[in-house]
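For reference, the structure is listed below as structure tokens.
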Amino acid sequence: DVGVRCQVDSSNTCTYGDVRLVGSSNQYEGRVEVCINDTWGTVCDDSWGSVDATVICKQLEYAYTGYGKYYTNAYFGAGSGTIWFDNVACTSSNTKLVQCSSNPIGEEDCSHSEDAGVGCEAPCDNGQLRLADGYIPNEGRVEICMSNVWGTVCDDYFTSVDAQVVCKKLGYLTTDALAFSSAHFGSGTGDIFLDNVGCSGTESSLLDCSYVSGNSISCTYGHNEDVGVRCQVDSSNTCTYGDVRLVGSSNQYEGRVEVCINDTWGTVCDDSWGSVDATVICIQLGYAYTGYGKYYTNAYFGAGSGT
């Protein structure tokens, strides 16, 4: 295999304390690299955890659910050059890696096989909604984005009228919208952003409805009260034979494979499923991949339904 070494424009230096994610097929996850004295280096995974990963997501203005995902043991490949940070211990009040406590910069006892990584999510807008952990795309736990953080909605006083607003926001029909209480689709993580939601049905967003938030939330049983919704799909919007989609993930580039046959979405069995098959899905969807698409088995992104 051919290789290349390029020269870097020395006038294009990085800014002290900048971070970037390297070594993944998408920009929202990867090996953590930090700029110190105009030089990019890595972070050792000693004591590396979810709070530290969250700070990286915050600094990059990426979204996360509960916490950023953290990775150890050079999950995204070993870096090179200087390992700038070791024994990082961030707090929830930190917004940049260089604000966190750690060994003195450059003092470490690690190798690049211990390079730390992070997984964030694509930035989201205030009030943006999604349905999580449903068996079909039009049902699931209601999650709402606030300041690039995904959280849940408490089921207190949440009715089918409120569910209609959720379905409308997501582009589904409002008729026969159903609301589910008591974490019907599983308990979420992180913040509970809204409680005592009261919509009239005419609103275009849950944030247009009455609700309480912050310290006024009285969701006694926490995420065991996460609300869920099932929406109805416009049957006139049929799919095209052979179309594929990825379902059940927090981002559009991975998920359970579903294929359209005779206007009906169904799933693919994992018998003999491999990297070449995954690559074909990436090609069909117009997504990038490195070497081959990653393949997953055993309903990694949740079990589907139907055919």
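The values are calculated or read from the model by the stated rules, or taken from the named source; none is laboratory data. Being a predicted model, the structure only gives us computed values, none of them experimental. Cβ coordinates were reconstructed from backbone atoms using ideal geometry, including for glycine residues, and neighbour counts include every protein chain displayed. Accessible surface areas use protein heavy atoms only, side chains included; no ligands, DNA or RNA. Shrake-Rupley method; radii C 1.70, N 1.55, O 1.52, S 1.80 Å.
At 1.4 Å probe size, with every protein chain present, just tell me what the per residue accessible area of the chain comes to in Å². If you can, show how the numbers build up before the last one.
Details: 16090 Å² over 307 residues.
Normalised by residue count, the accessible surface of the chain is 52 Å².
Over the chain, what percent of the accessible surface lies on carbon and sulfur atoms, probe 1.4 Å? Solvent-exposed carbon and sulfur of the chain make up 46 percent of the total. Modelled spin-label separation between C14 and S213, with each label point placed 7 Å from Cα along the Cα-to-Cβ direction: 3.4 nm.
Taking a straight Cα-Cα cut-off under 22 Å and skipping sequence neighbours fewer than 8 places away in the same chain, the lysines within cross-link reach of K58 are K69, K96. Computed extension gain for Y221 through D38, at 0.36 nm per residue and net of the alpha carbon distance, reaches 61.0 nm.
Assuming charge only on the beta carbon of Lys and Arg (+1) and of Asp and Glu (-1), the dipole of the chain about its Cα centre is about 420 debye to the nearest 20. The residue list G286, S275, T264 was ranked by how far each Cα lies along the charge dipole of region 199-307 toward its positive end, using unit charges on Cβ atoms, and S275 comes out on top. Taking Cβ atoms as reference points and 10 Å as the exclusive limit, the residues near N148 contribute a net charge of -2, counting Lys and Arg as +1 and Asp and Glu as -1.
Which longest run of the chain has no exposed loop site in it, a site being GluC sites (Glu not before Pro) in a DSSP loop with at most 13 other beta carbons within 10 Å, and the site itself not part of the run?
Working: sites that count: E61, E107.
Longest gap between qualifying sites, sites excluded: 108-307.
Assuming R0 = 22 Å, can you tell me the calculated FRET efficiency for the pair T264 and Q232, based on Cβ-Cβ distance, to the nearest 0.05? Write down the numbers at each step before the final one.
Numbers: r = 16 Å, r/R0 = 0.72.
Efficiency for this residue pair is about 0.90.
How much length, in nm to one decimal, is gained on full extension between S187 and Y287, taken as 0.36 nm per residue of separation minus their Cα-Cα distance? Each step should come with its number before you reach the end.
Details: separation 100, 0.36 × 100 = 36.00 nm, distance 3.10 nm.
Extra length from S187 to Y287 when fully extended: 32.9 nm.
Spacing of the modelled spin labels on N126 and Q252, each 7 Å from Cα toward Cβ, amounts to 2.4 nm.
Under the criterion of Cα pairs below 8 Å and six or more residues apart, the relative contact order for region 229-276 equals 28 percent.
Taking amide H atoms as placed 1.01 Å from N in the peptide plane, the amide H of Q232 lies under 5 Å from those of L173, each 5 or more residues away in sequence or on another chain. What you get for region 234-307, charging only the Cβ of Lys and Arg (+1) and of Asp and Glu (-1), is a dipole of about 180 debye around the Cα centre. When the charge dipole of the chain is built from unit charges on Cβ atoms (+1 for Lys and Arg, -1 for Asp and Glu) and taken about the Cα centre, the candidate among S210, T152, T307 whose Cα reaches farthest toward its positive end is T307. Shape call for the chain from the C-alpha gyration tensor, a ≥ b ≥ c root eigenvalues: rounded (a/c under 1.5), prolate (a/b greater than b/c) or oblate? Verdict is oblate for the chain. Note that region 271-284 has calculated 3J(HN,Hα) couplings of 4, 6, 5, x, 5, 5, 4, 4, 5, 4, 4, 4, 4, 4 Hz, one per residue in order, obtained from phi through the Karplus relation 6.51 cos²θ - 1.76 cosθ + 1.60 (θ = phi - 60°); glycine and proline are x. Based on Cα contacts under 8 Å between residues 6+ apart, the chain shows a relative contact order of 13 percent. Mind checking which of V268, V88, V247 has the largest fluctuation in a GNM of the chain, springs on alpha carbons under 10 Å? Per the Cα network of the chain with a 10 Å cutoff, V268 tops the list. By its C-alpha gyration tensor, with a ≥ b ≥ c as the square roots of the eigenvalues, how is region 1-125 shaped: rounded for a/c under 1.5, else prolate for a/b larger than b/c, else oblate? In terms of gyration-tensor shape, rounded.
Relative to the current alpha-carbon distance between S147 and A89, full extension at 0.36 nm per residue lengthens the span by 18.5 nm.
Between the beta carbons of V280 and Q99, assuming R0 = 51 Å, the FRET efficiency works out to 0.70 to the nearest 0.05.
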